[in-house]
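A short worksheet on the structure shown next.
Every number in this text was worked out from the coordinates using simple rules, so none of it is lab data. As the structure is a computational prediction, the values presented were derived from the model and not from experiment.
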Amino acid sequence: MPEKPAATDYSALLKRARAKVPAAVGTGERFQMPVVELQTEGKTTVVRNMEDILDKLNRKEDHLVPLLLRELGTAGSYEGGRLVLQGKLTEDNIQGRLAKYVETFVICGECGRPDTHLVKEERTTIVKCDACGAHRPVKAGPKKAIVKPEEAVVEGKTYEVMIEDRGQRGDGIARRDRYTIFVKGAQKGQQLHVKITKVTGTLAFAEIAQQATQQAAASQAAKDAKAAEAEAAKAATAAAKPAAPGAPAKPADAGAAKPAGASGTKPGPAKK
Ligand SMILES: [Zn+2]
C-alpha cells in the first residue's frame, strides 16, 4: 500500500479547516482579536482579509497599514482589500504586530472594548471610547506588556466540546471560539471533555479526556476533598509527634507527609 506523504494530508486538512472557520469576529460582547489570513504569492505575503480586519477595528488603512509596515520592517501596499507585503513573513509575526496596534490604537484603556475612535488633539492622538467615554493618549512606545486576550483554546488544557462534524481522517471536529478542534477517535454528536495536544494557528488537535463529564467532576471533587482531609490528618500527626522517622510514608505521599514546619501551611506546635 503506497504511503501518502503526511505533509499533503496536513495541508489539505489545514485548507479545509480554514475554509470552515467562521469569520464572524467582534459581534459578541467580548472583543476577539481579528486573525490574519495569509497567502504566499511568489516573494510576497498577502493578508487576504485586511479589509475585514480594518472593518472590525473601525480603522482606516491609511492609519493601520503604514504603522504595520513600519513594525514589520517591510514594504507593502493595500490593494483591493488585501495587504501585499514584500517578503515571506510568518503568521506569528504579522498577528503579533496587529495585536500591538490594536492594543495601542484601538482598545479602550478603561473598559477594554474596541469601540473607540481616534482624535487628534494638537500633536497628540487620543483614543476615545464610544462605549464608556474614557479617553487616553496614544503612547508612542510599547506598553509594558501586550495583554493578549485569553485564548479559547490553550495547549495542555481540557475543554468540554460538542463534536459537530467528522474530519477527512475520521477525527471528530469541534469548534470553540475561532478554533477548529480535531479530536482523535471522537464521534459526531458526542459531548466530550478533550485535552488539547497541539495548537497551530486556529487549528487545534485534541484527544478525549473524559466522556462522563458530570461523574468525572464529581469524583474529582471527592478525590480533592479526600486528599485535603488526608493531608490535614497527616499534618496533625506530624505536629503531634515532633519527629516521626519511623512513619511509613509512601513516596507518592511525600509532599503531604512532610513535617508541618517544612510546608509552612500549618503553624501548629512544631518542634523547636
Ligand atoms: Zn471604554
(request) Would you mind checking which residues have amide H under 5 Å from Gln190's amide H? H placed 1.01 Å from N; only 5 or more apart, or other chain. (result) Ile163
(message) Taking 8 Å as the Cα distance limit and 6 or more residues as the minimum spacing, I'd like the relative contact order of the range 33-137 as a percentage.
(response) 21
(message) Using Stokes-Einstein with the Kirkwood hydrodynamic radius over Cα pairs, what translational diffusion coefficient do you get for the range 33-137 at 25 °C and a viscosity of 0.890 mPa s, in µm²/s rounded to a whole number?
(response) 172
